[in-house]
Amino acid sequence: MSNPFRLGVLGSGKGSNFAAIADAIDAGKIPAQVGLVLSDVESAGILLHAREREMAAQFIPPGKFRTKLDEDAERAFVKALQLAKVDLIVLAGFMRVLKGDFLRAFEGRIVNIHPSLLPSFPGLESWKQALDYGVKVTGCTVHFVDAGIDAGAIIGQQTVPVLDNDTPETLHQRIHAAEHELYPKCVAAIARGEISVVGRKVVWKEN
Ligand code: GRF
């Protein structure tokens, strides 16, 4: 039997996307296992979720910067993920930008979920940006991570209508629900080797 496909999951927050992926693994919908969950926030819900499921979970202090890891922290993240022998890095609400050495260590093997239909509304609070702009449809995007901000090749997208009476909170909630469907599907396709990347285009194999 070939080795199971292993995920390294990074998150800073409550970890609902991680929980959706872990549930999909348990349900046999993703042929993978979680090798390690890492967080830059000691009290992050994602670490609690992982420990409840008896998965390896570790807090690594991010160092002196606010929006990225410092050099020591970056090295520690890379080392922990390499020791855990992960095949794919899944960013699930990780609130720091990953830089050169990390990107080089896992080139083409890092994915992220973003709460808008990229390339619209990159950056923070995308649901609020969408509401303020007045778009009628928004959604979420799973994409590969490169050196740009929310800029890598798009793997999958799911739309969410914007309703006249939406508040940032109600819209965010519906986007979150869409994320919990989209992210497991995309991770499953990668684990099954069903997608290939041609330039900026991600091609899904016909089932
Ligand atoms: C999600 O909205 C995701 O799009 C963004 O961070 C949030 C993480 O939420 N990248 P959770 O921690 O998975 O609940």
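The values are calculated or read from the model by the stated rules, or taken from the named source; none is laboratory data. Quick caveat: nothing in here was measured; it's all calculated off a predicted structure. Glycine gets a Cβ as well: all are built from the backbone with ideal geometry, and neighbour counts include every protein chain shown.
Miscellaneous remarks
- Exclusive hit being surrounded by 18 or more Cβ atoms within 10 Å (Cβ to Cβ), at negative phi and of a type in the set (Ser, Thr, Tyr), set 43, 12: 12
- Complete set of residues in segment 163-207 that are in a loop (DSSP other than H, G, I, E, B) and hydrophobic (A, V, I, L, M, F, W, C): 163
- Flag for residue 159 being farther than 22 Å from residue 8 by Cα and under 18 Å from the mean Cα position of the chain (by Cα): yes
- Within segment 1-53, being touching an Asp or Glu at 6+ places or on another chain (Cβ under 9 Å), modelled with pLDDT of 95 or more and either more than 14 Å from the ligand (Cβ to nearest atom) or not in a loop (DSSP other than H, G, I, E, B) (or both) holds for 5, 6, 7, 8, 10, 16, 17, 20, 29, 32, 35, 53.
- Some residue of segment 59-82 being surrounded by 18 or more Cβ atoms within 10 Å (Cβ to Cβ), within 16 Å of the ligand (Cβ to nearest atom) and either at negative phi or of a type in the set (A, V, I, L, M) (or both): no
- Any pair with Cβ under 7 angstrom, 6 or more apart, that starts in segment 94-106 at a residue that is closer than 22 Å to residue 44 by Cβ and assigned to a helix (DSSP H, G or I) and ends at one that is hydrophobic (A, V, I, L, M, F, W, C) and away from the ligand (no atom under 13 Å from the Cβ): 102/77; 102/78
- Taken as a whole, the condition of being touching a helix residue (DSSP H, G or I) at 6+ places or on another chain (Cβ under 9 Å), outside any strand (DSSP E or B) and at pLDDT below 95 does not apply to residue 130.
- The set of residues from segment 156-207 being small (Gly, Ala, Ser) and within 16 Å of the ligand (Cβ to nearest atom) comprises 156, 177, 178.
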